[in-house]
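Presented below is the structure to which this report refers.
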Amino acid sequence: MAVIMDGKATSAKLRKEFLEKVSLLKEKGVTPGLAVIIVGEDPASQTYVKNKEKACVECGYYSEKYALPEETSEAELLALIEKLNGRDEINGILVQLPLPKHICEDHVIRAIHPLKDVDAFHPENVGHIMTGDFAFVPCTPAGVMELLKEYDIDPTGKRAVIIGRSNIVGKPAAMLLLHENATVTVCHSRTKDLAAICREADILVAAIGKLEFVTRDMVKPGAVVIDVGINRNAEGKLRGDVNFDDVVDLASYITPVPGGVGPMTITMLMQNTLRAACIQNNITL
Ligand code: NAD
């Protein structure tokens with residue numbers, strides 16, 4: 001039976017550490033500040049933003065929320081970002097994606113100052129992730145790496161297979177595993193013999209967006225299975241990209257959904273915001 005990798009407990013532990021670091025920062029007159037911008041009424045996005053605000057309170061950060069109407073123009077959004085870029089008490093700026101269709105995500109991502117880009121989506125930060133010289137890491141792949149660390153799983157020399165090549169999960173997860181010396185394969189919708197490649201994985205990361213897609217025949221006995229997916233099943237329950245019940249007795253470690261990678265994502269946003277505050281104030285903790 002696999003060890004269940006507890007993202008909730010790991011998150012709680014890290015958030016406590018951040019809170020302690022924040023009290024040291026506050027002694028130096030600095031409180032990490034995060035601005036979260038949401039445009040429109042998407043219910044999933046509303047929940048994510050609420051959870052980000054809650055995490056800020058838990059970690060002792062200052063936060064501002066901008067809930068803008070659906071019809072906000074791109075120019076208005078860019079003007080707000082520009083204003084936040086110039087404010088010292090705001091260390092991180094997060095624009096909740098997706099944005100309404102009339103706003104270009106790329107323009108918005110590029111407008112955020114790279115030192116305040118706590119989602120690490122700006123091309124400058126994406127480049128740093130390539131070279132390995134990075135301060136900010138996209139939150140979901142960072143959460144995956146932190147969970148591996150928490151459970152003493154060293155990727156060195158291991159065969160890692162990632163299913164999914166998105167810019168926010170698959171690709172950066174591949175780079176981070178590569179920096180930790182794994183031998184990495186990235187699979188996607190046009191990969192041939194997917195199951196056979198997955199069966200080679202010592203560490204299998206599923207970031208597909210398809211309910212319970214990964215089944216027993218795709219998992220090597222003893223593999224570490226990391227499930228990034230968030231899907232709803234027919235009963236409306238949250239489930240991952242991995243068929244948990246099918247795989248749990250075969251894997252050595254597995255993340256549940258909910259309670260695995262999900263909570264870690266927001267915790268890594270808190271980590272990036274703390275780093276941003278330190279960098280912008282020339283403080284080493
Ligand atoms: P995406 O839709 O941008 O990318 C999905 C990837 O899966 C694509 O690269 C595609 O090639 C691949 N894919 C699709 N069908 C496939 C198939 N049949 N075989 C092999 N590969 C296939 O999605 P994303 O933004 O990377 O998110 C992936 C999942 O992770 C979603 O369920 C999303 O909700 C979830 N997610 C979770 C968190 C979190 O905090 N836990 C954060 C971001 C995304």
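Just so you know, all these numbers are worked out from the coordinates, no wet-lab data involved. Because the structure is predicted, anything quoted here is derived from the model rather than measured. With ideal geometry, Cβ positions are generated from the backbone for all residues, glycine too; neighbour counts draw on all protein chains shown.
Quick notes
- Segment 78-199: radius of gyration and largest Cα-Cα distance (Dmax), Å: 16.6, 52
- Pair Asp246, Ala67: separation of 7 Å Cα→Cβ label points (nm): 4.0
- Expressed per residue, the C-alpha convex hull volume of segment 234-285 stands at 107 Å³.
- For segment 179-285, the fraction of alpha-carbon pairs in successive 5 Å shells from zero, as %: 2, 12, 18, 19, 16, 12, 8, 6, 5, 2, 0
- Counting only whole DSSP H helices of the chain, the ones at least 15 Å long by C-alpha along their axis and with mean Kyte-Doolittle hydropathy no lower than 0.5 are 261-280.
- Cα-based reach from Lys8 at 24 Å (exclusive), listing lysines while leaving out same-chain residues under 8 positions away: Lys16, Lys21, Lys50, Lys52, Lys54, Lys149, Lys210, Lys237
- Between Cys198, Val228, Asn272, the Cα set farthest toward the positive side of the dipole of segment 196-285 (charges on each charged residue's Cβ, about the Cα centre) is that of Asn272.
- Within straight-line reach of Lys28, meaning a Cα separation under 17 Å, sit the following aspartates and glutamates at least 8 residues removed in sequence or on another chain: Glu20, Asp88, Glu89.
- Ordering of 70-82, 1-13 by burial proxy (mean other Cβ atoms within 10 Å per residue, highest first): 1-13, 70-82
- With eigenvalues of the C-alpha gyration tensor scaled by 5 and rooted, segment 157-204, Å: 16, 14, 6
- Between Leu68, Leu99, Gly7, the Cα set farthest toward the positive side of the dipole of segment 1-121 (charges on each charged residue's Cβ, about the Cα centre) is that of Gly7.
- Two numbers describe the Cα atoms of segment 1-158: Rg and Dmax, which are 17.1, 54 Å.
- Legend: P(r) of segment 1-71 from all alpha carbon pair distances, 5 Å bins from 0, whole percents, reading 4, 14, 19, 18, 16, 12, 10, 5, 2, 0, 0.
- Mean residue ellipticity, 222 nm, helices only, the chain: the sum of -39500 (n - 2.57) across DSSP H runs of n ≥ 4, divided by residue count and rounded to 500, is -12500 deg cm²/dmol.
- Under 5 Å between amide hydrogens, built in the peptide plane, is the criterion, and for Arg239 it picks out Asn231, Arg232, Asn233 among residues at least 5 positions away or on other chains.
- Radius of gyration and Dmax over the Cα atoms of the chain, both given in Å: 19.0, 56
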